[in-house]
Amino acid sequence: MSSEGSAHGRREALPSQGVPLGGAVPAEPSPDLGKLLAFMRGPIDVRSLAISGLLALAVLYSVYVAREVLMPITLAFLLSFMLAPAVAALRRLGLPQGLAAGVLLLTLLLACGYGVVRLSAPTMEWLGRAPESLSEVERRLRTVTQRMERLAEATETVEELTHPGNDAQPRVQVSPQPGLGARIYSGTRAAMVGGTITLVLVYFLLASGDLFLRKLVRVLPRLGDKRRAVEIARATQSHVSYYLFTISLINLGLAVVQTLAMWALVVPNPLLWGVMAGFLNYIPYVGPILGTTVVSFVGLFSFDALSKALLVPAAYLGISIVEGNFVTPVLLGRTLTLNPVVIFIWVLFWSWLWGIVGALVAVPLLATVKIVCDHSEVLSPIGEFLGQ
């Protein structure tokens, strides 16, 4: 059953930096908060609140501790949603399910491998020049840093005057931290292990097709539960795959445009900064800010004239603003959006919990939660709060 046949007759929306999917929808009854309260009814006292709080903390701690296992699984499910239409297209050409999944993953793996090899040399070069780059940027901004140093000295003087007799400070023994090489090796090894787990799991998910959904339908006792499970599964796969596929195309176009802009401004290694822009654009709000910060340092290090150096981040930010406010809304529509405040908080939360991977999967996870809530009569008020 398609997602258009949902229990509420609606088409859910997935955000791209606060932008939804789908077209206009007919008017529908408002969610009933009373049903949610009735579902949660029971004695509410200090003990129940304390137990609920401890349960929530235990779940968060478990998600954080088990991140090395949960992150590949989450990425695998999201990638399987995104690649399922491509596998279906290969099946229509006559390829078996398993062969279609293998061909698609092998093609993507070769393309990503070529990109990594192509960009590894300039990336390592910029990382090696990072200390020199920071020194050069500091020299360019010496006037600002000198003012900040004078302000810091004045603050220390005021503190000494207000707290006399505290010259003897206790000596704090700092434990040695692992070196940069050890951290890079550890991070690379973890990334390779997680990537291998993700690829293997994606293959099995794509090769199995609707196996898990058929099993779920078979074990559910009531016909209504079977129908609702199919609706939720189809809606989640359809909308998440559409969102991820469309956003990937948008980010690919953004990477091309940013590469051309950096090339026109004679910035060294323009392809590197274009690929960085496309990758960071998967993270709503935060990604463009990080990218602008990086190219600001690149511009200050690459050009002597301050006006030309500032033109680099200005062009980068201008292209990102055009993409976020014009291109993406046109391609994804404007109805049933998720609340931008919820998106921002959700991205910050998952970034704190899982780092860069959490920031990448935050929006699809939030959209999935909204789809599930919208398809449940009891949880529909939560879906309403998640919307705009």
For this session: Spot the failing condition for Val286; the list is (1) under 30 Å from Ala367 (Cα atoms); (2) out of contact with any helix residue (DSSP H, G or I) (no Cβ under 8 Å at 6 or more places or on another chain); (3) of a type outside the set (Ser, Thr, Tyr), and only one is missed.
Result: (2)
For this session: Considering every residue within the stretch 228-237, establish whether at least one is surrounded by 15 or more Cβ atoms within 10 Å (Cβ to Cβ), closer than 16 Å to Ala315 by Cα and of a type in the set (Gly, Ala, Ser).
Result: no
For this session: Return yes or no: is Leu317 surrounded by fewer than 20 Cβ atoms within 10 Å (Cβ to Cβ), under 20 Å from the mean Cα position of the chain (by Cα), among the hydrophobic types (A, V, I, L, M, F, W, C) and closer than 30 Å to Ser80 by Cβ?
Result: no
Exercise. Taking the stretch 46-89 only, how many residues are in contact (Cβ under 8 Å) with a residue 24 or more places away in the chain and among the hydroxyl-bearing types (Ser, Thr, Tyr)?
Worked result: 3
Exercise. Of a type in the set (Phe, Trp, Tyr), open to solvent by 30 Å² or more (accessible area, probe 1.4 Å) and under 28 Å from Phe344 (Cα atoms): does that describe Tyr285?
Worked result: yes
Problem set entry | Tally, over the stretch 356-367, of residues that are open to solvent by less than 30 Å² (accessible area, probe 1.4 Å) and within 16 Å of Met71 (Cβ to Cβ) | 6
For this session: Working only within the stretch 229-238, note down all residues that are touching a residue at least 24 places away in the same chain (Cβ under 8 Å) and within 15 Å of Val369 (Cα to Cα).
Result: Glu231, Ile232, Arg234, Ala235, Thr236, Gln237, Ser238
Problem set entry | Test set (1) closer than 20 Å to Leu249 by Cβ; (2) open to solvent by 50 Å² or more (accessible area, probe 1.4 Å); (3) not aromatic (Phe, Trp, Tyr) - Val341 fails condition number | (1)
Exercise. Would it be correct to say that Pro329 is out of contact with any helix residue (DSSP H, G or I) (no Cβ under 9 Å at 6 or more places or on another chain) and open to solvent by less than 40 Å² (accessible area, probe 1.4 Å)?
Worked result: yes
Problem set entry | Criterion: within 29 Å of Ile371 (Cα to Cα) and either loosely packed, with under 14 Cβ neighbours inside 10 Å or touching a Lys or Arg at 6+ places or on another chain (Cβ under 8 Å) (or both) - qualifying residue of Leu300, Leu220 | Leu220
Exercise. What helices (runs of 4 or more DSSP H) lie completely within the stretch 246-338 and have 3 or more residues being modelled with pLDDT of 85 or more and in contact with a Ser or Thr (Cβ under 8 Å, 6 or more places away or on another chain)?
Worked result: 270-280, 286-302, 306-322
Exercise. Do we have Tyr243 as buried (at least 22 other Cβ atoms within 10 Å of the Cβ) and either under 20 Å from Val330 (Cα atoms) or touching a helix residue (DSSP H, G or I) at 6+ places or on another chain (Cβ under 6 Å) (or both) here?
Worked result: yes
For this session: Scan the stretch 201-213 for residues that are modelled with pLDDT under 80 and open to solvent by 40 Å² or more (accessible area, probe 1.4 Å) and jot them down.
Result: Asp210, Leu211, Phe212
Problem set entry | Near pairs, Cβ below 6 angstrom, 6+ apart or cross-chain, from the stretch 295-320 (closer than 20 Å to Trp126 by Cβ) to any residue that is among the charged types (D, E, K, R) and at pLDDT below 90 | Leu300/Arg140; Phe301/Glu136
For this session: Just one of (1) touching a residue at least 24 places away in the same chain (Cβ under 8 Å); (2) more than 14 Å from the chain's Cα centre (by Cα) trips up Asn251, so point out which.
Result: (2)
Exercise. Quick check: anything in the stretch 90-97 within 30 Å of Phe297 (Cβ to Cβ), open to solvent by 90 Å² or more (accessible area, probe 1.4 Å), out of contact with any strand residue (DSSP E or B) (no Cβ under 9 Å at 6 or more places or on another chain) and free of Cβ contacts under 8 Å to residues at least 60 places away in the same chain?
Worked result: no
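The values are calculated or read from the model by the stated rules, or taken from the named source; none is laboratory data. Nothing here was measured: the structure is a model prediction, and the numbers come from that model. Here the Cβ is made from the backbone with ideal geometry for all residues, glycine too, and neighbour counts use every protein chain on show. The protein model used for the area step is the full one, side chains on, heavy atoms only, and it has no ligands, DNA or RNA in it. Shrake-Rupley method; radii C 1.70, N 1.55, O 1.52, S 1.80 Å.
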